[in-house]
Amino acid sequence: MKQLEVPFMQLRGGSSKGLYFLRSDLPLDEATRNDILVDAVGRGARQIDGLGGGDPLTSKVAIVGPASRDDADVDFLFAQIVVGEDLVDTTPNCGNILAGVGPYAIEAGLIQGSDESTRVTVHMVNSGKLCELQLCTPGGAMEYEGDATIDGVPGTGAPIICNYLDVAGSICGSLLPTGSVSDEVDGVTMTCIDNGMPVVVLRAADFGLSGRESPEQLNADEVLKKRLESIRLQIGPKMNLGDVADKAIPKMCLVSPAERGGLISTRTFIPHKCHSAVGVLGAVSAATACILPGSVAFDLVDVPAGDVKQISVEHPSGEFSISLDVDDSSAIPRIRKAGVLRTARLLSRGVLYVPNSKKRGKP
Ligand code: NQM
């Protein structure tokens, strides 16, 4: 039987890699669509029969289409294919894959590039929030080469400025979804926060860790992973996320004092494997926890002065810089805008073949 043919592009977005599809090239029926996405990325822990790499950071999909609202240029639905479980989770967002949405929209002809630079407002369908991307587009064409560097990616690229607008409560409904700046589960104190990504912030020291451990060391620590998962399963429903057993959120972020001149040091589980760096929106949420009095991170940091705070979040492979535009006229500060720098690169484009044995309808 002939395989199903689906047009696609593959891009590196920030420190992730994913398959990008036009919404109109996929079936409307969600179950059929998800089946195709899992086949495209690959099943099992190694994803050997698909384009994913058996790692959460390369097991990602972007579905992009014309904007469904007037204040945006394009719609972007993010899908995490849960490695080894063959599940599609559309509850989280991904700030890395988002960085590739602007270039994809230009390459796919969804938007016209302007000379020099192009601003693309992305409607993040997962959260209903907006992000403004600023792309380098000399002569109206997407430029990938440039001098910008991001930790976790070799080489340099053209800068993509990503400005997240008012992303508090993106998935949980509020910045502090449990209604408190600190909670306790299994005898451990934590701060549950959603400023673009639901994250549970915990002190590494409360687990007997320095916070300097490598991802490999932490991934090998079965006792730690069990403790984190127990907390995650209990706190998830209290964060308005329901049963999180099959979900990639909340992420679990262990924090400790910065060691290389940044604001804070992080080790983030996404949610079962320790990230080799840190997710974009995960870092924005963790950085926001740092400036909230009473959070588990607040006492570990020196909060920078001023309305626009330049924050460096340290992670296992470097640091991640965030510019937080803060309105602290109320008891809980509101983040008007979070700015980050990313790069992206078009890796391939063409037709992706997926098995047709399930007799799926044509997209
Ligand atoms: O937090 C990893 C990544 C991410 C997600 C993860 C991300 C974000 O590094 O916005 O970018 O948390 O699963 O791509």
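Please report, as a whole percent, how much of the solvent-accessible surface of the stretch 71-203 comes from carbon and sulfur atoms (probe radius 1.4 Å).
42
Which value at 222 nm does the chain reach when only helices count, each DSSP H run of 4 or more adding -39,500 (n - 2.57), with the total divided by all residues and rounded to the nearest 500 deg cm²/dmol?
Value at 222 nm, helices only: -4500 deg cm²/dmol.
Could you give each residue of the stretch 7-12 its phi-based ³J(HN,Hα) in whole Hz, using Karplus coefficients 6.51, -1.76, 1.60 with θ = phi - 60°, and x for Gly or Pro?
Values per residue, Gly and Pro as x: x, 7, 10, 10, 10, 7 Hz.
In nm, give the distance between the simple-model label positions of Leu28 and Ala141, each being 7 Å from the Cα along the Cα-to-Cβ direction.
3.8
Which residue fluctuates the most in the chain, going by a Gaussian network model with Cα springs under 10 Å, if the choices are Gln112, Gln47, Gln310?
Gln112
Give the residue from Val153, Ser317, Leu346 lying farthest towards the positive end of the charge dipole for the chain; charges sit on Cβ (+1 for Lys and Arg, -1 for Asp and Glu) and the dipole is referred to the Cα centre.
The one lying farthest along the dipole's positive direction is Leu346.
DSSP loop trypsin sites (Lys or Arg not before Pro) in the stretch 39-72 with at most 16 other Cβ atoms within 10 Å of their Cβ, which ones?
Sites meeting the loop and neighbour criteria: Arg46, Arg69.
Just want to confirm a number: the relative contact order over the chain, from Cα pairs under 8 angstrom separated by 6+ residues, in percent.
19
Amide H to amide H, which residues 5 or more places from Ile111 or on other chains are under 5 Å from it, using H placed in the peptide plane?
Ile106
When only the heavy atoms of the protein chains count and the probe is 1.4 Å, how do Leu233, Leu4 rank by accessible area, highest first?
Leu233, Leu4
Among Val223, Val167, Val308, whose mean-square fluctuation peaks in a Gaussian network model of the chain (Cα, cutoff 10 Å)?
Looking only at Val223, Val167, Val308, the biggest GNM fluctuation is shown by Val223.
Can you tell me the FRET efficiency between Ser348 and Asp186 if r is taken as the Cβ-Cβ distance and R0 is 41 Å, rounded to the nearest 0.05?
Result of the calculation: an efficiency of 0.35.
With a cap of 10 neighbouring Cβ atoms within 10 Å, and only residues DSSP puts in a loop, list the trypsin sites (Lys or Arg not before Pro) found in the stretch 1-37.
Here the sparse-neighbourhood loop sites are Lys2.
Lys and Arg at +1, Asp and Glu at -1: add these up for the other residues within a Cβ distance under 11 Å of Cys274 and post the number.
+1
Taking 4 °C and 1.567 mPa s as the conditions, I'd like the Stokes-Einstein D for the stretch 183-341 in µm²/s, using the Kirkwood hydrodynamic radius from alpha carbon pairs.
Taking Rh from Cα pairs, D becomes 83 µm²/s.
Using the heavy atoms of the protein chains and a 1.4 angstrom probe, tell me the accessible area per residue for the chain in square angstrom.
40
Once each part is reduced to its C-alpha centroid, what is the distance from the stretch 191-237 to the stretch 280-340 in angstrom?
Cα centroid of the stretch 191-237 versus Cα centroid of the stretch 280-340: 19 Å apart.
Could you list, in their original order, any pairs among Lys225/Lys247; Lys17/Lys129; Lys17/Lys337; Lys226/Lys273 whose Cα atoms are separated by more than 19 Å?
Lys17/Lys129; Lys17/Lys337, as the Cα separations exceed 19 Å there.
Quick check on the stretch 253-363: take the gyration tensor over C-alpha atoms, sort the square-rooted eigenvalues as a ≥ b ≥ c, and tell me if it's rounded (a/c under 1.5), prolate or oblate.
The shape class here is prolate.
Which of the trypsin sites (Lys or Arg not before Pro) found in the stretch 178-243 are loop residues per DSSP with 14 or fewer other Cβ atoms within 10 Å of their Cβ?
Arg212
The values are calculated or read from the model by the stated rules, or taken from the named source; none is laboratory data. Worth saying up front: this structure is predicted, and the values here are computed from it rather than measured. With ideal geometry, Cβ positions are generated from the backbone for all residues, glycine too; neighbour counts draw on all protein chains shown. Quick note on the areas: whole protein, heavy atoms, side chains included, nothing else; ligands and nucleic acids left out. Shrake-Rupley method; radii C 1.70, N 1.55, O 1.52, S 1.80 Å.
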